[in-house]
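S.K.: This is the structure I want to talk about, given as structure tokens.
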Amino acid sequence: AFDRREADWWQAGGRWIEHGGIACAMASNWVSLDATDGAGLLCLKDPVPPDVQIAFGVEEFSTWYGWDRHPSHEHHPYDNVRVVLSTGESLALDQGYRLEVNADNRRATILFRDGKEVARVAQDGRFPIRYQGGHSPYSPRRNRLSLLKRGGQLAVTINGQEVLIFEDPVPLPVTRAAIGGFHTHINFSYVEVRPL
């Protein structure tokens, strides 16, 4: 829940900012990724089983300029959100499965297998996250993402709506998990990793 320093995760790439708010209010705790010109991953130290679900919250990262400034703050879009289920110890992006949400210039959610695209869904007006620009770049402003791998099936759910299913005839034996993004600012909250 990020209400205290997390010993189970290590941070790679980007600039990570921990925000521990009120211990009893889960919504006031998060960790932020600032990867404007690069990429970053928040990696689970422990191995994961071959059948696993990763779920987490994403919301906009804000920059505060000051009460005397106009505008006083800016909300950044959470583009290129990543979930990685890797078959290697190094969490290489071309080993295992990689999900990217708000990708391809905010037009698609894409699933990769060993670095090759295997499934894509357009982020149109029916998609549960919509880019609208302006002061609040995405609607809704807070979202819940989930990637579930069970056998050869990978299913992506966003805000309770299943948006992508991929059947892999030769499932990869994943062992590592990470979340993150590239060329983006993202606040992550309440990460769950569930063995199935």
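S.K.: Which of the listed residues, F182, P169, Q153, is farthest toward the dipole's positive end in segment 147-196, when Lys, Arg count +1 and Asp, Glu count -1 at the beta-carbon?
M.R.: Farthest towards the positive end: F182.
S.K.: A further question on this structure: Step by step: find N for segment 104-196, compute 2.2 N^0.38 Å, then divide the Cα radius of gyration by it. What's the final number?
M.R.: The reported ratio for this selection is 1.15.
S.K.: Evaluated at 10 °C with a viscosity of 1.306 mPa s, what Stokes-Einstein diffusion coefficient in µm²/s does segment 141-183 have when Rh comes from the Kirkwood expression over alpha-carbon pairs?
M.R.: Here the translational diffusion coefficient equals 133 µm²/s.
S.K.: Once you put a point 7 Å from the Cα of R15 and another 7 Å from the Cα of Y190, both along the Cβ direction, what distance in nm separates them?
M.R.: Result: 2.9 nm between the two label points.
S.K.: Mind giving me the FRET efficiency for E167 and E117? R0 is 25 Å, r the Cβ-Cβ distance, nearest 0.05 is fine.
M.R.: The pair E167/E117 has a calculated efficiency of 0.95.
S.K.: Enter the accessible area per residue of segment 1-154 (Å², integer; probe 1.4 Å; all protein chains in place).
M.R.: About 50 Å² of surface per residue is accessible.
S.K.: Around T109, under 15 Å between beta carbons, what's the net of Lys plus Arg minus Asp minus Glu among the other residues?
M.R.: Local charge sum for T109: +3.
S.K.: Express the carbon and sulfur contribution to the solvent-accessible surface of the chain as a percent, rounded to the nearest whole number, probe 1.4 angstrom.
M.R.: That fraction is 51 percent.
S.K.: Which value results when the Cα radius of gyration for segment 84-128 is divided by 2.2 N^0.38 Å?
M.R.: 1.25
S.K.: How long are the semi-axes of the equivalent ellipsoid of the chain, taking √(5λ) for every eigenvalue λ of the Cα gyration tensor, in whole Å from largest down?
M.R.: 27, 20, 15
S.K.: For labels at R126 and N159 in the simple 7 Å Cα→Cβ model, what's the distance in nm?
M.R.: About 1.5 nm, to one decimal.
S.K.: What FRET efficiency would be calculated for the residue pair K45, Y65, taking the C-beta separation as r and a Förster radius of 45 Å, to the nearest 0.05?
M.R.: That pair, K45 with Y65, gives E of 0.80.
The values are calculated or read from the model by the stated rules, or taken from the named source; none is laboratory data. What you see is a predicted model; the values in this text were computed from it and never measured. Backbone-built Cβ (ideal geometry, glycine too); neighbour counts: all protein chains shown. Accessible surface is based on the protein model in full, side chains and every heavy atom, while ligands, DNA and RNA are left aside. Shrake-Rupley method; radii C 1.70, N 1.55, O 1.52, S 1.80 Å.
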